[in-house]
Each structure stands twice: as structure tokens, then as C-alpha cells.
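Throughout, read-outs are computed from the coordinates displayed, never taken from laboratory work. Keep in mind the model is a prediction, meaning the values are calculated, not measured. Glycine also receives a Cβ, built like all others from the backbone with ideal geometry; neighbour counts cover every protein chain displayed.
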Amino acid sequence: MKQSKQLIQTLRETPKDADVVSQQLMMRAGMIQKQAAGIYSYFPLALRSIRKFEQIVREELAKDGCQEVLMPMVQPAELWQESGRWTFYGKELLRFKDRKEAGFCLGPTHEEVITDMVRRTVRSYKQLPINLFQVQSKFRDEIRPRFGLMRGREFIMKDGYSFHATDADCDREYWAMFNAYKRIFSRLGVKFRPVEADSGAIGGSFTHEFHVLAGSGEDAILSCDSCDYTSNLEKTEAPALAITDNGAAFPLKRDHFATPGVVGQVEQAAGMKDADHDGMPITQTSKFYLFRAMFADETTKLVGAVLRGDHEVNPVKVKNLVGALDLELFPLEEAEAFTGAKSGFMGPVGLKDVQMVVDLSLKGAVNLTCGANKTDYHHFGLDPARDLPGATFADIRLALEQDTCTRCGKGKYQAYRGIEVGQVFKLGIKYSKAMGCTFLDENGKDQPMIMGCYGIGVTRTVAAVIEQNFDEDGIIWPWPVAPYQVHLLNLDPANAEVNLVANRLETELEAAGFEVLHDDREGMSPGAKFKDADLLGFPLRLMVGTKGLKEGVVELRDRRTKQVTKVAPDAVLGAVRTAKDRIFEGLETAGGR
Ligand code: ATP
Ligand code: MG
């Protein structure tokens, strides 16, 4: 393919509004163009990578018997009213009316439509299981679209849904998809991890996210350095730490420490002084959070969380523990009015109508300090089990890097940043029950189908590949999703011999199945061509120039290692094949575990 005939407009300058590497490089490489916030057009180079990744997805899903369908992007409001999400799904759902005033939305996801399709088509257990997927544009009116293709408003997703007669069969499919995703991201040639993730109000441990590891990732992940346990920080189990020996238990001494004006945890600990104490160790202080929890039946309740002073609360754990749909910090003014104390001096003792939850690392702890619910004062001698009757002890803290793994008890957690590129989820009967998607079982009895759903952010994945594979000069494409594999640089198109050799190599490599972009542009210095080639980042660069041909060689350069080999034109095909094999060997070790 001749580059002079391709629509590839590279930019020297980094666009001002591009805030992450993938967006900067894709815009500079002329791959994408912003049409509006979070809405992009894809040029041929970008589309080639996207289509290649889709192809990997399709091939791997076909191995598990998944069938491809295509659902409408415009969805009727009635379906969303049936599932209940017309009201519950927030402003990300773009709602509108047609000329007859009928309500519609742009599909952010397709559980409703697929459930409707299946309930109208499948009657008997004999037709189950079934696994359907599509590759399609989604629209989510994200509050803050950013990071280019990584958090767009319109983006391409592969979404799949499975339907089962039994719970066990749904679990089997879940793990089949889990393994298919592992194959997909391994083939892509990126470092990734499947991570246990929070399944929200649905509960259970049945969801995994797949993350591409990259410093720019929005999610924090902890992974054990000894076993396979890897989880999203939202979900990571925190070990109960050994209790600090605080001596014999004191009774609760109210307003014991006057700590005027100091609110930070460390300062407070230092400021707690009496005849016996010149400051307190931070592990003997406690921290208190007041939340308002919202429930499915639209009721609300106050929840107090008590943790050791040096620990942070994990609100997702608190939310799941109390079974809430949503949890928010009680607004400061209301909390001050409720407790009677300014921020920094609120505490759990004596509060009425608050469900108290205490972190496991404080189970058995005594002689703690806590806010006195009186500005500028702290209590001393808090024994949560004694002083907070009715409190629940549970793991509610954020796990920390270097915490001992709760699964194997041996390894330590290591921290990573990740970009969520896929998720597998066991839905159960949430949608099938609400929308009457039933089948007749072996006894002729009507049952709701058990469902799973499986998503991959196609465009986000392509951007994530770049977030993990770049250097100061540009993109470093892994072979499997590179727009082209070989960038053939014709360094002197005015020279007839150079042209002849370059054209011959292009034909020869293409005939052997390689994808070649032949930079045949005239009137450009070799330096400018090198710069563009580095920016576009195809795995191999083949340089044909006057000087080299005089010596009887062309140069082959590996984009990642920058290693250059000189080869005779006749030996190029063999050299390209060898280089490809070497690159693939590197890929196999890069995959996730
Ligand atoms: P996030 O937590 O990042 O908002 P999500 O969990 O809401 O994503 P899912 O509903 O699980 O997303 O969608 C499946 C996949 O679609 C995600 O794993 C992600 O790769 C991709 N995706 C979700 N939102 C976006 C977006 N705004 N832009 C690009 N890709 C997205
Ligand atoms: Mg998700």
C-alpha cells in the first residue's frame, strides 16, 4: 500500500486538549479526530487496528459457540421502563423523543433489548444455553468524557449476553468467557490482569474485570506477589491487623483529651497529652466516618464507620455490608448539626439511630481515642465491643500495598494501575425476572432464565495498548493490532533503482502475507520519514536508500528494540519472517496470568 495514496496526516505538535499519551499519539498520528467532547472519527489507520482487535475477539468467541447479532442503537423507552432502569439509570442515558412523542434512548448497554429478543424467541430448556454478542457503538453521556478513546461518550463495545436453564450452567459459561477473555488479551500482546471486582448491589463474587496495566490507568489494583489473588482496590480483602497491646482496659473517659484546633489524624495523635501520655501512637487512635445509605425501597439510614486512625475506609465495602444501593458521606453541615461537633471531633459514642460498623483491625482493641462529639475534645478508653453496642465488626478498610494476602496468607500485595478493558458478570435473574424472560423446564414449569453478560471496550482497548506501548518518539504497536506490520521507507523516490527495489519488496512482502505501508512520498527528507515512522510505530521498518543499495543492502529496524540489521534485498523476506518470530516470542511472555 502506497502511503502517498493514504489519508494519513501526521502532526508535529501535540494537540493542546489531548491529556493522555494514547490520545496525543493517536491525534498526532492522524488516527482519530475529535468531533465533540468524547466523540471521535476514526481514520483508516485507527480503523485497521480496531478491526484487527475485533477479529481477535470474534475468533476467540466463536471457539465457545457465541453467535453474533446486531441490535438497534436506538432503544424504546418501554423496555427500560420494564426493567426499571428508565428511572434508575442516571444522566448517562441519553433520552429523547421521536416525532410522535414516543420516548427513546441511545443504547449505553443492551440487557433490555437482548432480553426482549430472547423472551420472544426462546421457549424451552432445549433451546438453552445461548450466548449472543454484538460489536457496536454505545453512547453514554459521561459526566467527564476525557482521555481520548479511553472515556468517550460514543465508543465501540463488544457486548455479549448468555441465557441458561440452570445456575450451574451459567457459572460454567462465566468461566468459559473468563478464559476466552484471557485468550483475547494474551493474543493482543499486552500485560493484563483479570481482577476480582465489586459486583455492587447484586452481590456475590461473580464479576471479574480485565485490566491492561498502565501507569495512566484510572483504577488501583492490588495483586499478591505469591498467589493469583488480584483484585480491584474497591474490593481487595484487607487482613485484620494484629491489635496493638494497649494494656489493661480503661473505662471510657469522656472529654479526656483537650485537642483544640487540631483536626488531622497525625496532629491529633501528637496533641493528645495528659499525665500518662505525651501524644498517642496513631494506631491507638480511631477514625470516624458518617455516611447516608440509600436503599432499593427508597429509604435512607445513617451508617457510622469506625477505623484505626491510620486506615482509610473503603465505602464500597460499607455499602455492600449494609446492603445499600448507594452510599454518600453525610454532608458536613448536616453531620456537624447531628453530632454537635466540628469535623475532626466527631465520634461514634452516644449517637442515636446510626448503624455502627467497626473495622476488623479494631476487633479486641481497647483504650482507643475517638472524637467526643464536642469540638476540641477526644474521649479516651474506647473499647468498641463494649462502648458501641450493636456494632458489626467487618472488613471495611482499604487494603494497602504490602498488606499480607488474605487468600494465601504468605504473599504481600503489590500495587498496579489498570485500565478496565473488559468485564464478565453473572447477572442471575435480575432482567429475566423483571421482563418475564422465561422458559419451560423439563417438567413444563415456567422459570426465569439465568443470565450472564460480558463486555469488552474495543476502542478503549486499542487506546490502552498505546498507553502501555510507547516511547518519546511515538507508538510501539504490538504486532497483532498494528495498523501495518512493515513500514517500508523509500528514502529516495527520485532514484530509479531505489524505486525499483522498494516496489519489488512491497510486492514480495505483500504476496507473502505481510501488511506493508510503502512511504513513497516525494520531496521529503529521510529524517522527516523516520520521524513519521517512529510516530506511527509499526513493528518493523525497512529502509531502502541510495547509499545502502550501493553497498548492496537495505536496513531492517525493530521499532521496540531499535535494533538495525543490514540485509541484501533478496534476503529481506527471510529477515522479516525471523524478526516477526522474535517479536512473537516476546509477546508470549508479556501475557497476563
Ligand atoms: P467504567 O467503570 O470505566 O465507567 P463500566 O464498568 O461502566 O466502565 P461496562 O458497563 O462494564 O463499563 O462496559 C464494558 C466495557 O466498556 C468496559 O470494561 C470498558 O472497557 C468499556 N467502556 C465503558 N465505558 C466506556 C467509555 N466511556 N469509553 C470507552 N470505553 C468504555
Ligand atoms: Mg465495568
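Descriptive notes on the structure:
- With the convex hull drawn over the C-alpha atoms of segment 484-585, the volume per residue is 87 Å³.
- Where the alpha-carbon atoms of the chain are placed on the principal axes, they occupy 95, 68, 48 Å, in descending order.
- Formal net charge of residues neighbouring M524 (Cβ-Cβ distance under 12 Å; K, R +1; D, E -1): -2
- P(r) tail fraction, segment 332-435 - alpha-carbon pairs more than 22 Å apart, %: 57 percent
- Furthest towards positive pole of dipole, Y484, Q33, V501, structure part the chain, Cβ charges: V501
- Counting Lys and Arg as +1 and Asp and Glu as -1 over every other residue whose Cβ lies under 10 Å from the Cβ of D198, the net charge comes to 0.
- Cysteines without a disulfide-compatible partner [the chain; Cβ-Cβ under 4.7 Å]: C66, C105, C170, C370, C437, C453
- Restricting segment 5-38 to trypsin sites (Lys or Arg not before Pro) in coil, as DSSP defines it, with at most 15 other Cβ within 10 Å: R12, K16
- Each Lys and Arg contributes +1 and each Asp and Glu -1, all at the Cβ; summed about the Cα centre of segment 162-228, the dipole is approximately 420 debye.
- Charge dipole of the chain about the Cα centre (unit charges at C-beta), most positive-ward option of Y42, V21, T438: Y42
- Electrostatic dipole magnitude of the chain [Cβ: Lys, Arg +1; Asp, Glu -1; Cα centre; debye, to 20]: 1020 debye
- Loop trypsin sites (Lys or Arg not before Pro), segment 110-193 (other Cβ atoms within 10 Å of the site Cβ: 16 or fewer; DSSP): R120, R123
- Taken about its Cα centre, segment 484-585 carries a charge dipole of about 400 debye when Lys and Arg each add +1 at the Cβ and Asp and Glu each add -1 at the Cβ.
- Positive dipole terminus of segment 484-585, leading residue within M524, Q563, L540 (C-beta point charges): Q563
- Within segment 199-307, the GluC sites (Glu not before Pro) that combine a DSSP coil assignment with at most 15 other C-beta atoms in a 10 angstrom radius are E218, E298.
- Scattering curve values for segment 253-394, log₁₀ I(q)/I(0), Debye with Cα scatterers, q = 0.13, 0.18 Å⁻¹: -0.52, -0.98
- Summing Lys and Arg as +1 and Asp and Glu as -1 over all other residues whose Cβ lies under 12 Å from the Cβ of M1 gives a net charge of -2.
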